[in-house]
Amino acid sequence: MGKKPLEYRIRQVSVIIMFITGILTVLSGILLFGMPEGPGSGESVALGISKDGWILIHEWAGFIASGMLVIHLYLNRRPLIRYFKELF
């Protein structure tokens, strides 16, 4: 097996990071949905992490996943353009 081009490696890493952060976003969203609301609710704990901690995880995982999506779309722009040309 030959050495893979840098663009291919970046594409691989971006997909893996998107997958992991996507799972974190879904998990934290489900946990946050079931947690109490209102004053003092930031002290609630799920899986050893406070509600405020889950909010932080949820936000950062979403930001990172969004950034990786932009990189992934950029690296796959040629196939995407081809798909849309074939579609329309």
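All of the numbers you see were taken from the coordinates with simple rules; none came from a lab. Because the structure is a prediction, the values reported are computed rather than measured.
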Longest principal axis of the chain (C-alpha) makes with the long axis of helix 77-87 (C-alpha) an angle, in degrees to the nearest 10, of 80 degrees
Once the Cα atoms of helix 51-75 and of the chain are each reduced to a long axis, what angle between those two axes, in degrees from 0 to 90 to the nearest 10, is obtained? 10 degrees
Can you give the extra length, in nm with one decimal, that the chain gains between Lys3 and Asn76 once fully stretched, where that is 0.36 nm per residue apart less the Cα-Cα distance? 24.3 nm
The chain: angle of helix 6-34 to the longest principal axis, Cα-based, in degrees nearest 10: 20 degrees
